[in-house]
1. For ARG289, all conditions in the list (1) within 19 Å of LEU349 (Cα to Cα); (2) in contact with a strand residue (DSSP E or B) (Cβ under 8 Å, 6 or more places away or on another chain); (3) of a type outside the set (Ser, Thr, Tyr); (4) not in a strand (DSSP E or B) hold save one; what is the number of the exception?
2. I need the helices (runs of 4 or more DSSP H) fully contained in segment 432-494, keeping only those with at least 1 residues that are closer than 23 Å to GLU75 by Cβ.
3. Here are ALA491, ALA467, ALA449, ALA500: which of them is among the hydrophobic types (A, V, I, L, M, F, W, C), closer than 24 Å to HIS231 by Cα and in contact with a Gly (Cβ under 7 Å, 6 or more places away or on another chain)?
4. Does VAL63 satisfy being touching a residue at least 12 places away in the same chain (Cβ under 8 Å), in contact with a Ser or Thr (Cβ under 9 Å, 6 or more places away or on another chain) and under 30 Å from GLN100 (Cβ atoms)?
5. Name the pairs whose Cβ atoms lie under 8 Å apart, with the first residue in segment 511-528 and outside the structural domain of ARG545 (by TED's automatic domain parsing) and on the phi > 0 side of the Ramachandran plot, the second surrounded by fewer than 20 Cβ atoms within 10 Å (Cβ to Cβ) and assigned to a loop (DSSP other than H, G, I, E, B), and 6 or more positions between them or separate chains?
6. Is at least one residue of segment 411-430 of a type in the set (Ser, Thr, Tyr), part of a strand (DSSP E or B) and either within 16 Å of THR479 (Cβ to Cβ) or in contact (Cβ under 8 Å) with a residue 24 or more places away in the chain (or both)?
7. Would segment 418-439 turn up any residue that is modelled with pLDDT of 90 or more, more than 19 Å from ALA314 (Cα to Cα) and basic (Lys, Arg)?
Amino acid sequence: MTDMILTNARVLTMDSATPRAEAVAIAKGKIIAVGSVVEIAALAGPDTQVIDAGGRTVLPGFVESHLHLVLGGNELVQLQIGGLYGFDALKAAFAAYAQQHPDSALLMAQGASYEILGAPVTRHDLDRVIADRPIAMMSPDHHTVWANTAALTAAGLLHGAVMPHGHEVVMGQDGTATGELREFEAFGPILALGGEAHLQLGIATGGEPEPWPDAAMRAVDKDKIAAGLAHCAAHGITSVVNMDGNRYTLALLAEMEAEGRLTARVKVPFHFKPHMDLSELDRAEAMTREFQTDYLSSGFVKMFMDGVVDSRTAYMLHDYPGVPGHRAEPLFPPERFNEICCEIDRRGLQIAVHAIGDGAVRVTIDGYAAAQRANGPRDARHRIEHIELIDRADIPRLGALGITASVQPPHPPGVMDFPLGTMDTVFDRARWPDAYLWKTLKDHGAPVAYASDWPVTDVSVMRGLQASQTRRPFAADCTDERLSLIDSLYAYTAGGAWAAHLDHLTGRLVPGLAADLVMIEGDIESLAPEALGQTEVALTICGGRITYQAA
């Protein structure tokens with residue numbers, strides 16, 4: 001029996017055999033037919049729920065190819081200061097938040113621009129905001145935290161701390177911490193003040209909580225995930241590739257699936273860190289075996305090759321502007337990285353590597369090439385996350401090796417929430433033509449998957465889609481790197497599903513695949529590019545279940 005029919009719609013299936021239709025029929029969580037209004041109406045029974053789309057657009061549910069679900073859900077209740085500038089505005093925001101949260105051990109803000117005060121932020125600046133309670137603020141890219149003296153003291157960081165390579169408690173000339181903390185292990189002790197340390201382990205250390213959280217704590221954590229899932233569903237997202245995690249993350253999600261609270265398909269990686277021995281990959285294989293349902297899976301290993309451009313921790317082949325001799329360093333020595341890639345690939349696992357600078361991108365490509373030489377070609381679908389700068393010689397290598405370009409339309413400076421001025425400060429002017437080359441990569445054969453990197457940027461797919469369509473070349477010598485609207489939608493649906501090894505389940509509207517759909521207000525192909533971000537999601541369906549419906 002047909003459970004549900006969406007009819008009178010502009011259906012874009014993302015399937016080349018039948019790219020357009022008018023209606024979709026659903027039964028037992030799967031699509032059973034796609035066709036004309038008349039064809040699908042014939043499948044209705046007395047108990048079939050019929051939804052009249054009224055000419056609105058229906059697409060496969062969006063695949064969010066790179067986000068941080070647990071962290072994003074956790075941050076929804078924290079102070080949001082994205083777009084806020086100036087000391088007075090910062091002080092007022094923190095004062096109001098402090099009054100609302102008198103008992104919080106840490107007052108944490110999200111979205112603090114690197115230019116929020118027009119000069120490098122210090123603990124003394126934040127002491128002038130609030131001195132008698134620990135406060136801190138996170139940069140939009142989530143790679144830098146600034147903390148006041150009270151927070152640094154409580155976390156045991158005021159006089160510095162020994163950190164792993166690539167993580168830094170920045171010290172001042174007086175021998176005390178300036179307040180700037182770079183990368184996860186440096187600011188982990190600050191986040192721990194707010195009781196969040198166990199949620200950060202998947203990205204900070206790759207370890208597990210010890211002791212294992214009890215049922216009460218797990219319930220709190222699951223509520224945070226549920227908030228993140230609801231936020232994603234409101235934006236039409238039905239599948240997410242979580243780019244941090246550990247077995248604890250999977251255990252929480254498995255409990256939620258058993259409770260009927262898992263409203264999207266989620267993939268969770270094993271996070272491999274530079275200090276780990278190759279035998280740690282046994283844990284990755286165990287996670288892959290243990291968690292393997294249509295809604296929850298692992299099967300891939302995540303690594304960081306570098307940091308980010310704003311803090312100048314992204315590994316470059318050339319010096320940063322105004323900083324002679326500084327290029328940062330890869331977090332994995334190249335030969336060691338090659339060895340790791342060969343072993344992960346030998347075990348049949350997928351690899352996803354954060355690589356932003358052109359130096360990091362090259363080292364990552366070299367590692368994937370080494371794995372293919374050692375183990376032979378297979379349907380690995382290894383990925384590079386971000387690729388903000390790439391050397392021209394490396395562009396054809398992605399397509400040749402079958403490497404997915406997992407990139408984020410909201411990230412290029414000037415297109416959404418990041419200021420265009422970043423281009424002047426962190427990219428050498430001669431390299432602008434080599435930045436954010438998504439169309440070029442696709443034209444050279446690289447599969448492309450789109451995402452937001454939430455909570456680094458807004459999870460809204462429609463805002464991201466607008467960014468993808470309104471982006472302009474940085475200068476006259478830069479090429480237009482926009483994919484077409486249909487290609488962009490593909491990168492947010494079928495392309496993302498393929499990149500995540502989920503294409504056997506979702507990503508297209510064809511009989512036999514999961515009933516994962518999103519309904520968008522209006523005719524998306526007729527909308528002005530500048531209007532896409534204001535276009536509402538009307539309905540989200542995952543596995544035949546409505547997970548979001550606009551009021």
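The values are calculated or read from the model by the stated rules, or taken from the named source; none is laboratory data. The shown structure was predicted, so the numbers you read here are calculated from the model rather than taken from an experiment. Using ideal geometry, Cβ is built from the backbone for each residue, glycine included, and neighbour counts are taken over all protein chains shown.
1. Every listed condition holds for ARG289 apart from (2).
2. 461-470
3. Answer to the check: ALA449.
4. In short, no.
5. none
6. No: segment 411-430 contains no residue that is of a type in the set (Ser, Thr, Tyr), part of a strand (DSSP E or B) and either within 16 Å of THR479 (Cβ to Cβ) or in contact (Cβ under 8 Å) with a residue 24 or more places away in the chain (or both).
7. yes
The rows are residues; the columns are (1) part of a strand (DSSP E or B); (2) over 16 Å from GLY359 (Cβ atoms); (3) touching a Gly at 6+ places or on another chain (Cβ under 9 Å).
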residue: GLU255; (1), (2), (3): no, yes, no
residue: GLU285; (1), (2), (3): no, yes, yes
residue: LYS302; (1), (2), (3): yes, yes, yes
residue: VAL309; (1), (2), (3): no, no, yes
residue: ARG312; (1), (2), (3): no, no, no
residue: MET316; (1), (2), (3): no, no, yes
residue: HIS326; (1), (2), (3): no, no, no
residue: GLU329; (1), (2), (3): no, no, yes
residue: PHE337; (1), (2), (3): no, no, yes
